[in-house]
Structure formats: structure tokens, C-alpha cells
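Input: a single structure, listed below in C-alpha cells.
The values are calculated or read from the model by the stated rules, or taken from the named source; none is laboratory data. As the structure is a prediction and not an experimental result, all values here were calculated from the model. Note: ideal-geometry Cβ built from the backbone for every residue, glycine included; neighbour counts use all protein chains shown.
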Amino acid sequence: MSARRTRIKFCGMTRPEDIALAVSLGVDAIGLILVPASPRALDLARAVDLRRTIPPLVTCVALVRDAEPAFVADVVERLRPDLLQFHGREPAADCRRAGLRYLKAIPMGDPAAGLRMLDDHTSAAGYVFDSHGVDGIGGTGRVFDWNLIPAGARRCAILAGGLEPGNVGDAVRAVRPFAVDVSSGIEAQPGVKCPQRMRDFVAQVRGADESEPDQGAEQ
């Protein structure tokens, strides 16, 4: 058996039954989106209700984008997520000010600008490499060129952007990221997850974990 295990984050969760299935499948993290422009957006009160359905030892990630510091502080106080995920142009100082470990989304729709964010966010716990542009949001269903992820960042890389059951196994074998992150790729419609696609996604990741890495992939 392989000694490695790719962690899995299901993002854009809006229903308790979808969270319950994700937990039963062994998903490591649940993402709650607090970005009004997203079709999977939650208001804070609804997010707090869903947070109560996430059991211990399953990570709750609250996703924000260019939010006012007061709102981020309210999210931390009321939602009590395990991690924040900053999805916009937030400077590292603002991310640290929230007082919680954080993930930084790296917008690979504009690779040059996105990769410059790595240098600013050395305090991040990890990096979500996604396919949106600098001023965009995730959940687009588009894939970016995985070869653009710097080799040195792959051990703390969370791979996102267009992943779904049909390609996530290839992604894991090619990149060997720390984790994969999916939203639209397991949905029946925005915010409503498809149980079979959820199961298939997890199965494909686990199958890829057991396979030999592609030539040149990080191990």
C-alpha cells in the first residue's frame, strides 16, 4: 500500500445531507463559501448552521474574497472555522491579522500574477492552485496547466480548478499534490452535490494514491 494519502476538500457545500455524505466518504475538509458573487454563496447565519453539522476532526474552511476586515473577524468569531481561505487580492498582512491559519488561492488563470502571490504569502498554511483569474472566483469548471505549479510548492499544494471524477486520478498522478479541492465537478447544479459523483471522485483519488507516480512527479 502507498504510504501517501491525498487529502480531499469538498467546497461550496450548501446542504447538510451533502456534508453528511462527504464525511461518510472520508473527506478531510468542507468548504463554506462566504462570497456573495458565488452561486454557492452562504450568508453567515446559514454557514453557522451548516458548521454545526461538521463533526470533530473534519476541517471546516471558510472562503472569503477581498472582504472587509470586520466581516472576516465576524466570520472567525461566529463561524469558528478551522481555516480561512482568502480568494482575492488580500495582502499577507491582512490574512495574518485574522488570527487564524489560512490558505491562499493562487489564480492560475493568470499564472504570472498568481505565482507572484506565493512570495507575498509565505505565512500561508497552504496554497489553493485554481483556474480563475486574479479578479475571478473559483468553481468555473476549467482546468489549468498543472505543469505550471512550482515543484517546490507541491508538498503544500491544494489542486483545484476543473477537477471531476474523470480527470482527478490523472491530476493526482501528475502533480502528487497534498490535497485536491472540488466544487462544480461533483455537482448536479450549483450548490447541490451529486452523490454518485462525490463517491466516484473519492474512489478515483484513492485509486491514484495506490498507483505509481508519473515520471518526474513529486513524491
Inside region 70-93, can you point out the residues that are of a type outside the set (A, V, I, L, M) and at pLDDT 95 or above? F71, D74, E77, R78, R80, P81, D82, Q85, F86
Might you let me know whether region 188-195 holds any residue that is in a helix (DSSP H, G or I), more than 26 Å from A92 (Cβ to Cβ), at pLDDT 95 or above and more than 15 Å from the chain's Cα centre (by Cα)? yes
Going by what's in this entry, would P81 be described as surrounded by fewer than 20 Cβ atoms within 10 Å (Cβ to Cβ) and part of a loop (DSSP other than H, G, I, E, B)? no
Which condition does V180 not pass, out of (1) buried (at least 22 other Cβ atoms within 10 Å of the Cβ); (2) at pLDDT below 95; (3) among the aliphatic types (A, V, I, L, M), if it passes all the others? (2)
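So that you can scan it fast, the table gives a plain yes or no per residue for (1) in contact with a Pro (Cβ under 7 Å, 6 or more places away or on another chain); (2) within 17 Å of I158 (Cα to Cα); (3) in contact (Cβ under 8 Å) with a residue 12 or more places away in the chain:
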| residue | (1), (2), (3) |
| --- | --- |
| A45 | no, no, no |
| T53 | yes, no, yes |
| V58 | no, yes, yes |
| G99 | no, no, yes |
| L103 | no, yes, yes |
| S123 | no, yes, yes |
